[in-house]
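A.B. asks: Next up is a structure, given as structure tokens.
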Amino acid sequence: MAVTYPAETVLNRGHQLALSIIHDSIDERPIFFASTGGLMSELGLDQWAVRHGLAVKLEMRSLAASPPEGWVQGTAEFGGVWFDLDQSLKLYDTVYQYRGIRNRSIWQDRSTLNIPWQYYALALQLSDVARNANLPDEVARRLESDALDFQVVAEGGVNGTPSQ
């Protein structure tokens, strides 16, 4: 399996470094990205992305073959991202420690607002994938409720907005 680029494609140093790391490591260890956007998308690798909780694993596989058991694709409305659903729910429910993020009265630091926004996006996408996988409706509703809580915090918290 190979990714090819048209002759006129310009790969900057960051792209070349990432491709070199992937090339040298793919057979020895898993490769994870923070998201399907950014570098992964710029390199044309997003079609091999499978979300494992907050991280995205590069899974070089035949795109024509059926996905492995447990992988579920979200709807286009929520990005159409593939999830390893069991692993993602396990991480979400038992590994990640939110330490009061869901109900923080105020988010005091604008520079770190991406933290609750990442949890918001994960919970919302997981609710979508849970519905696609025909999990019990209460699972999707719980995740949607969590997403709304994270959204309130990301917008400043229940008692206000972050200072500018």
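The values are calculated or read from the model by the stated rules, or taken from the named source; none is laboratory data. Since the structure is predicted, the reported quantities are computational estimates derived from the model, not experimental observations. For neighbour counting, all protein chains shown are included, and Cβ atoms are generated from backbone atoms with ideal geometry for every residue, glycine included.
A.B. asks: What tally of residues in region 15-58 results from selecting those that are at pLDDT 95 or above, of a type in the set (D, E, K, R) and within 16 Å of Phe83 (Cβ to Cβ)?
C.D. replies: 2
A.B. asks: Tell me, yes or no, whether region 61-77 has at least one residue that is in contact (Cβ under 8 Å) with a residue 60 or more places away in the chain, surrounded by fewer than 19 Cβ atoms within 10 Å (Cβ to Cβ) and within 21 Å of Val152 (Cα to Cα).
C.D. replies: no
A.B. asks: Here are Leu135, Leu54, Leu91, Leu122: which of them is over 30 Å from Ala2 (Cβ atoms), aliphatic (A, V, I, L, M) and touching a residue at least 60 places away in the same chain (Cβ under 8 Å)?
C.D. replies: Numbers: Leu135 fails: touching a residue at least 60 places away in the same chain (Cβ under 8 Å); Leu54 fails: over 30 Å from Ala2 (Cβ atoms); Leu91 fails: touching a residue at least 60 places away in the same chain (Cβ under 8 Å).
Going through Leu135, Leu54, Leu91, Leu122 in turn, just one is over 30 Å from Ala2 (Cβ atoms), aliphatic (A, V, I, L, M) and touching a residue at least 60 places away in the same chain (Cβ under 8 Å): Leu122.
A.B. asks: In this structure, is Asn103 over 14 Å from the mean Cα position of the chain (by Cα), assigned by TED's automatic domain parsing to the domain that holds Gly157 and among the polar types (S, T, N, Q)? Full working, then the answer.
C.D. replies: Values: over 14 Å from the mean Cα position of the chain (by Cα): yes; assigned by TED's automatic domain parsing to the domain that holds Gly157: yes; among the polar types (S, T, N, Q): yes.
Yes, satisfied.
A.B. asks: Still on this model: Mind checking which residues of region 115-164 are among the small types (Gly, Ala, Ser), farther than 18 Å from Gln97 by Cα and surrounded by fewer than 20 Cβ atoms within 10 Å (Cβ to Cβ)? Walk me through it before giving the result.
C.D. replies: Initially, region 115-164 is screened for residues among the small types (Gly, Ala, Ser), giving 121, 123, 127, 130, 133, 140, 145, 147, 154, 156-157, 160, 163.
Narrowing the set further to residues that are farther than 18 Å from Gln97 by Cα leaves 127, 130, 133, 140, 156-157, 160, 163.
Answer for region 115-164, where residues must be among the small types (Gly, Ala, Ser), farther than 18 Å from Gln97 by Cα and surrounded by fewer than 20 Cβ atoms within 10 Å (Cβ to Cβ): Ala133, Ala140, Gly156, Gly157, Gly160, Ser163.
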